[in-house]
Amino acid sequence: MTEGTTGGATAGLRRDAIGLREVLFQSVTAMAPAAAVAASIPSGAAFAGGSLPLAVLIALVACLFTASCVAELARELPAAGSVATYAARGLHPAVGFLVGWGYMFVEALVPPLLLLQLGFTVAGTLHEEWASWPADLWWPWSLAGAAVIAVTGYLGVRASARFGTVLGVFEVSVLLVFAGWLIVKAGSHNTLSVFGTSHTAKEYGGFSGVFAGSVYTVLAFAGFEAAAPLAEETRDPRRTMHRAVLGAALGIGLFYVVTTYSMTVYFGPDRLAGFGAAGDASWEGVARASFGLFWVLVFLAVVNSTIANANACANVSTRTAFALARIRVMPRVLATLHPRYRSPVAGVAVQTAVAVGAVLGLGFGYDPVTAFLLLATVIVTVVIGVYIVVNLACAGYFLRRGRASLRPVRHLLLPLLGIVAFVPALLTAAGLPVFDFVTELTAPVSYAGPVVGVWMAAGVIVLVVLIRRHPERVAETARVHLEEADDPTHAVDLRNGDPTR
């Protein structure tokens, strides 16, 4: 290997470049809190109605099961490969390769997803304010966002992570201030009854409506693991990764509970079943109608959230690609690093090309909203599948390590509960009508399943070829390069077929 492509401490990603604050906001912005509050969580209102705060609280508890597993593995295995490395160590290197193959694919699709949302959100708002602005002139905003993300990615993790921190602080602050204002304005209408089942939608009474709402709101938590791929660029990664993953999941989960509660008591629990992502019965609609120009800050927070989320997930996709390329299970060019910034510049270039191609191709081929829904379905289906595998990997990893390291509740019970929590969300995201609240997907959104199937089938073919020709490369999916900097025997153990050391 050349100097720019190895995984060693001197030639790899920039060591000790960022700390807890930047890594925490890598996960926070990957969860897109403002966009989730304004768009994702309201999708559960049709089922949970005014009991939506309870549904969000249940979703928070469910997601903490998996966040605990990711945090445990991130502390044990600080690697840019993150979930791929976890699956390789906890289950089998072949599983690790497939997890990395799928995770890299969908994380590369998150930036175009958010850039589409940026485009149609800005264009729609400008058209509403000034009718002369064409409502369908969305693409310049998407391309501008792509340029910003490409530049920050090129300048390295320090610039990118600090950029994400600033954006994350802004969007969370705006929504928290607005939530506090809503709670004050609600006055005597503040009530803890919204944490019960008395306000669910009429068609979905009791806990069935709350459960249905929680399945839809659990999707707003996706991204809490996004800190993990930055482990090799973080100071004290074992401690920092653990705190960042759990902190993001818990902190933003409570943020979701507070903001959802505030809108529920202000808007009216018994009216919330009609609440949505657009129109008068939406966050922006309420801000426009009752809070003057404050709606501009809410709008900017949502726009900010799309850019911050795209930036965070571009970091994830390029680091995952780098990790797979340096062990030569992906093209080695993706492991090329900038000589000064130590950023994976080839990965950044490919990520930018994918983003622009997907935005323009799907956005003009269908329309930006339909393209957004198609990409969202692909992404959520794979990401939730990855979460389920990571739960299994957590149990497998600590069972292999023996009784001295095994904590039954933390390493067995919580992974099981995490799997149970995410299976309904996986079925919902895939549009499989196993439950009565799941809507079967229609074209072109229904194409998401075949797209995922084709990509994963291609991954299986690549895996078979690698196993036959280069089995040692598949085994290296389990390598933790930071360990090798301190203890070279790790590399020897892996080459001898022991990836569980």
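The values are calculated or read from the model by the stated rules, or taken from the named source; none is laboratory data. Just so it is clear, the model here is predicted, and its values are computed rather than measured. Positions of Cβ are generated from backbone atoms using ideal geometry, with glycine treated the same way; all protein chains shown enter the neighbour counts. Only protein heavy atoms, including side chains, enter the accessible area calculation; ligands, DNA and RNA are left aside. Shrake-Rupley method; radii C 1.70, N 1.55, O 1.52, S 1.80 Å.
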**Prompt:** When the gyration tensor of the range 322-416 is built from Cα positions, what are the square roots of 5 times its three eigenvalues, in whole Å, from largest to smallest?
**Reply:** 35, 24, 9
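When the Kirkwood radius is taken over all Cα pairs of the range 164-204, what Stokes-Einstein diffusion coefficient follows at 4 °C and 1.567 mPa s, in µm²/s?
102 µm²/s
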**Request:** Would you mind checking which residues have amide H under 5 Å from Arg342's amide H? H placed 1.01 Å from N; only 5 or more apart, or other chain.
**Result:** none
**Message:** I'd like the carbon and sulfur percentage of the solvent accessible area for the range 188-227, probe radius 1.4 Å, heavy atoms only, ligands and nucleic acids excluded.
**Reply:** 62 percent
**Message:** Given contacts defined as C-alpha pairs under 8 Å and at least six residues apart, what's the relative contact order of the chain, whole-number percent?
**Reply:** 32 percent
**Message:** How much length would be gained if the chain were fully extended between Leu293 and Val169, taking 0.36 nm per residue of separation minus their Cα-Cα distance, in nm to one decimal?
**Reply:** 42.6 nm
**Item:** Centroid-to-centroid separation of the range 386-419 and the range 221-276 [C-alpha atoms, Å]
**Value:** 23 Å
**Complete:** Expressed in Å to one decimal, the Kirkwood Rh of the range 266-323 from all distinct alpha-carbon pairs is 13.6 Å
**Request:** Calculate, in whole percent, how much of the Cα-Cα pair population of the range 229-381 lies beyond 25 Å.
**Result:** 52 percent
**Fill in**
The orientation-averaged projected area of the Cα convex hull of the range 1-129, in nm², is 12.1 nm²
**Prompt:** PRE reach from Leu137 (point 7 Å along Cα→Cβ): which of the range 105-124 fall under 11 Å by backbone N?
**Reply:** 123
**Asked** In the range 241-280, if every C-alpha pair distance is counted and binned at 5 Å from zero, what percent goes to each bin?
**Response** 5, 21, 19, 18, 12, 10, 8, 5, 1
**Prompt:** Okay, helix-only estimate at 222 nm for the chain: each DSSP H run of n ≥ 4 adds -39500 (n - 2.57), divide by all residues, round to 500 deg cm²/dmol; what do you get?
**Reply:** -22000 deg cm²/dmol
**Request:** Can you check what the net charge comes to around Arg162, using other residues whose Cβ is under 11 Å from the Cβ of Arg162 (Lys, Arg +1; Asp, Glu -1)?
**Result:** +1
**Message:** Bins of 20 Å, beginning at zero and ending with the bin holding the largest distance: percent of Cα pairs per bin for the chain, please.
**Reply:** 24, 58, 17, 1
**Asked** With helices defined as uninterrupted DSSP H runs, which ones in the chain have an alpha carbon span along their own long axis of at least 27 Å and mean Kyte-Doolittle hydropathy of at least -0.5?
**Response** 52-76, 93-129, 157-186, 237-267, 294-326, 345-365, 368-401, 448-469
**Asked** So how much slack lies between Arg158 and Val423, counting 0.36 nm per residue of separation and subtracting their Cα-Cα distance, in nm?
**Response** 91.8 nm
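Evaluate E = 1/(1 + (r/R0)^6) for Thr442 and Glu128, where r is the Cβ-Cβ distance and R0 equals 25 Å; express this FRET efficiency to the nearest 0.05. The partial results should precede the final answer.
Working: r = 28 Å, r/R0 = 1.11.
Here the calculated transfer efficiency is 0.35.
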**Item:** Asp16 paired with Ser405, simple spin-label distance in nm, labels 7 Å along Cα-to-beta-carbon
**Value:** 2.6 nm
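Evaluate the relative contact order of the range 80-210 (contact order divided by residue number), counting alpha-carbon pairs under 8 angstrom at least 6 apart; express in whole percent.
Worked out over the range 80-210, it gives 11 percent.
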